[in-house]
1. Filter the stretch 338-355 for residues that are part of a loop (DSSP other than H, G, I, E, B) and out of contact with any helix residue (DSSP H, G or I) (no Cβ under 7 Å at 6 or more places or on another chain) and give the result.
2. What is the one condition in (1) buried (at least 23 other Cβ atoms within 10 Å of the Cβ); (2) modelled with pLDDT of 95 or more that Thr76 does not satisfy?
3. Surrounded by 22 or more Cβ atoms within 10 Å (Cβ to Cβ) and either near ligand 1 (Cβ under 9 Å from one of its atoms) or modelled with pLDDT of 95 or more (or both) - does that describe any residue in the stretch 91-99?
4. Could you look through the stretch 11-58, keep only residues that are of a type in the set (S, T, N, Q), more than 16 Å from Ala211 (Cα to Cα) and not in a loop (DSSP other than H, G, I, E, B), and pick out the one that is farthest from ligand 2 (Cβ to nearest atom)?
5. For Gly141, state whether it is within 11 Å of the chain's Cα centre (by Cα), more than 10 Å from ligand 2 (Cβ to nearest atom) and in contact (Cβ under 8 Å) with a residue 40 or more places away in the chain.
6. Any residue in the stretch 134-144 that is more than 15 Å from ligand 1 (Cβ to nearest atom) and not in a helix (DSSP H, G or I)?
7. Of the residues Ala133, Ala116, Ala140, which single one is of a type in the set (A, V, I, L, M, F, W, C) and touching an Asp or Glu at 6+ places or on another chain (Cβ under 6 Å)?
8. Residues of the stretch 328-357 being among the aliphatic types (A, V, I, L, M) and touching a strand residue (DSSP E or B) at 6+ places or on another chain (Cβ under 7 Å), which ones?
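The values are calculated or read from the model by the stated rules, or taken from the named source; none is laboratory data. These numbers come from a predicted model, not from an experiment. Heads up, the Cβs are rebuilt from the backbone with ideal geometry, glycines too, and the neighbour counts pull from every protein chain shown.
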Amino acid sequence: MTATGTRTADAARTLFVERFGTEPVGTWSAPGRVNLIGEHTDYNDGFVLPFAIQHRTHVALAPREDGVFRVRVISTFDEGIVDVALDELDALFPERRDEIPEWSRYPLGVAWALLAASGTDPRSVRGVDLAFASDVPVGAGLSSSAAIEGATAVALAETWGIDLDRVALAQIGRRAENEAVGAPTGIMDQMASLLGRADAAIFLDCRSLDANVIDLGFADAGLELIVIDTGVKHSHATGGYGERRAACERGAAVLGVAALRDVTPDDLPRLAELVDEVTFRRVRHVVTENQRVLDTVQTLREHGPTAIGDLLVASHASMRDDFEISVPELDTAVEAALSAGAVGARMTGGGFGGAAIALVAHDKVQAVTDAATAAFAAAGFAAPTIFTVTPSAGAARD
Ligand code: ADP
Ligand code: MG
């Protein structure tokens, strides 16, 4: 574990001891992720290329010794312990989820979905206590949500002796987020968090869930991947995410295909006749973005990471102009990074805020950092938080 990782695991342990008054049996953790390319393609059955990052959510856990069938969760985010009977989870989700604090729907939703997916009787497993601490920035597009889901999934699966593979655990995390939280997100984040590898990205086909490890080789090429967190908070449960998703479904329905994955750039002229201009641009983003993911994988394999800059830049332009999910802060971050010599840059994550990424030669990191900071100040935006991310391993027991 990194020094920060050890500190965060210790924070989870300390919280556990303080609030539950006993010792945990161990800690488990799962990372956030950065999506290198492939935005809003996941729920269109398309392609994505995320990698897990060094920032992780840790959970300290102990099974209850008193035979009580309850699950209790606590986080450094919140004062209160949320305490639910295991056999009440089924009644709680989704209809009565408003009865518990929003954050607790992520881990309790995972407990619910894990029991359901494995056909486990909630009265056949032991009650558990879980305490969470995290160094994944929240709402920055780095998927703190997948990190808490992934950490919960691996911790509970091991504790309850439920033998499911990583793809099944990712599907459980997604179900928790979609149904227990009510955020209509795809499966990319959970797959990245559960399958991540050091120095590599996960090339994921979101239809078949085939996942291939793609070497990134940033360090060998003298490159760093910088995150410029704008500090503008997004929410997936509200706002424009659902509207974009609906536009994609409309486009697929008009073309008579199951998902936009089945649409090629050649189909676009035909679609232009059939839908309004806004729907057309939404679809064009997804269709061209899918192609950019395939091109990025091929370019990485054949020419290495220094050659993917133009694809990152084209992805940003498509999100800004066609999908319209960028915000002025993200555009400013991308423009500043490119003008200071970044190889490529784009917003990452679901949009409407969050972070941009920039691929930067080692000796230009300071110049890019300074340029982004200066551009934000000149525009009157709050100072961004800028840090380097390292492609890292997925969820595991610490
Ligand atoms: P993102 O995944 O981009 O960080 P989301 O809105 O998808 O943003 O998920 C963030 C939400 O996940 C938080 O508002 C909180 O409800 C929940 N969450 C994430 N990490 C934790 C944590 N360590 N403790 C409690 N809740 C968390
Ligand atoms: Mg999220």
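1. Result: Gly349, Gly353, Gly354.
2. Status for Thr76: all satisfied but (1).
3. Taking every residue of the stretch 91-99 in turn, at least one turns out to be surrounded by 22 or more Cβ atoms within 10 Å (Cβ to Cβ) and either near ligand 1 (Cβ under 9 Å from one of its atoms) or modelled with pLDDT of 95 or more (or both).
4. In this case the residue turns out to be Thr14.
5. When the stated conditions are applied, Gly141 does not pass them.
6. no
7. So the residue among Ala133, Ala116, Ala140 that is of a type in the set (A, V, I, L, M, F, W, C) and touching an Asp or Glu at 6+ places or on another chain (Cβ under 6 Å) is Ala140.
8. Result: Leu330, Ala333, Val334, Ala337, Leu338, Ala342, Val343, Ala345, Met347, Ala355, Ala356, Ile357.
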